[in-house]
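A.B. asks: First the structure, which I've put down as structure tokens, then a few questions once you've had a look.
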Amino acid sequence: MTPVNRNAAGIDLDRRAIELVRDQVFPIWWTLIPTSGKETYETGWPDLEKTLTREYAIGQYRSNSGYNGFGAITGEKSNGLLALDIDGPEADERYKEAAGDAYHPPGEEDTMATTSGREGRRQILYRVPRSLLRELRDVNKVILRKDGNWHQGSGDSNAKKDEPEKDYEELVIRFNKCQTVMPGSLHPITKQRYKFLQYNDGEVAKAPAWIMEILMQFAKPVSFFSKKDMEFFDEEV
């Protein structure tokens, strides 16, 4: 028999996502959203000003039969949650090179990590210090592209006609206005449930230095005063 994957409290981690949400397996400081595969029917969720409570997410899940899982909204909405998305064995080699001594083989992560079960695919979850959230507000997806550099926005996953048909396996850092599908949810292709590679007692480690160095390349300086404050001062001049 396959051993049951349980947390420290003895809760079975290999169940439906709604059951894991009900048993508070996912950290309470995450904002969750119901999903159908990798998508959601909710509108406006990337808006940083829109509040999605866990009760709202559960209610939406139960009211729509199309939902079969939950995602965690990364970035500021989940207090700095970040997902390192490794999209296959080749992407894992790129992760190994980028992380250096901070690299962790599958199942040996020092933080919470999940997988769809497809070969070489996993997401490693970290958290960014709250003090840097405003500076990183405009950072969404940062992708290691074929040129060897990290870029915001789209990647190289769609091969061009004059290139080999095999897709480029991306290494992606997901932050604001993104979401990552949680264990217990159904994968749209395999129809199998996402699982924990590492539960880590429900703890999410701080993002390692190599990831923070990449993110801070795209950070924007934050003035001491808010935009509203500055508009007030401009009117007074």
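The values are calculated or read from the model by the stated rules, or taken from the named source; none is laboratory data. The structure presented is a predicted model; accordingly, all values stated were derived computationally and were not measured. No Cβ is skipped: glycine too gets one built from the backbone with ideal geometry, and neighbour counts run over all protein chains shown. Calculation scope for accessible area: heavy atoms of the full protein, side chains included, ligands and nucleic acids excluded. Shrake-Rupley method; radii C 1.70, N 1.55, O 1.52, S 1.80 Å.
A.B. asks: Name the residue, out of G184, G69, G100, whose mean-square fluctuation peaks in a Gaussian network model built on the chain with Cα pairs under 10 Å.
C.D. replies: G100
A.B. asks: Order the peptides 127-134, 34-41 from the highest to the lowest mean number of other Cβ atoms within 10 Å of their residues.
C.D. replies: 34-41, 127-134
A.B. asks: Residues in the stretch 57-101 near a label at T190, defined as backbone nitrogen under 15 Å from the 7 Å Cα→Cβ point?
C.D. replies: 86-89
A.B. asks: Quick check for you: with a 1.4 Å probe and neighbouring chains kept, what is the accessible area per residue of the chain, in Å²?
C.D. replies: Roughly 55 Å² per residue, with all protein chains present.
A.B. asks: Now for a separate question. Could you tell me what percent of the accessible area of the chain is made up of carbon and sulfur, with a 1.4 Å probe and every protein chain present?
C.D. replies: 47
A.B. asks: Give me the net charge for the shell around A17: Cβ to Cβ below 15 angstrom, other residues only, Lys and Arg +1, Asp and Glu -1.
C.D. replies: Working: positive: R15, R16, R22, K38, R54, R62, K191, R193, K195; negative: D12, D14, E19, D23, E39.
Result for the neighbourhood of A17: +4.
A.B. asks: Follow-up question, since we're still on this one. Highest GNM mean-square fluctuation, the chain, Cα pairs closer than 10 Å: which of D47, D14, D101?
C.D. replies: Of D47, D14, D101, the Gaussian network model singles out D101 as fluctuating most.
A.B. asks: Here's something else I'd like to know. Checking the table K50/K96; K191/K220; K96/K195; K195/K220; K77/K195 against a 29 Å threshold on Cα-Cα, which pairs fail?
C.D. replies: K50/K96; K191/K220; K195/K220
A.B. asks: For the stretch 30-185, what ratio Rg/Rh do Cα atoms give with a Kirkwood hydrodynamic radius?
C.D. replies: Over the Cα atoms of the stretch 30-185, Rg/Rh equals 0.98.
A.B. asks: Between the stretch 71-103 and the stretch 108-145, how many Å separate their Cα centres?
C.D. replies: Cα centroid to Cα centroid, the span is 4 Å.
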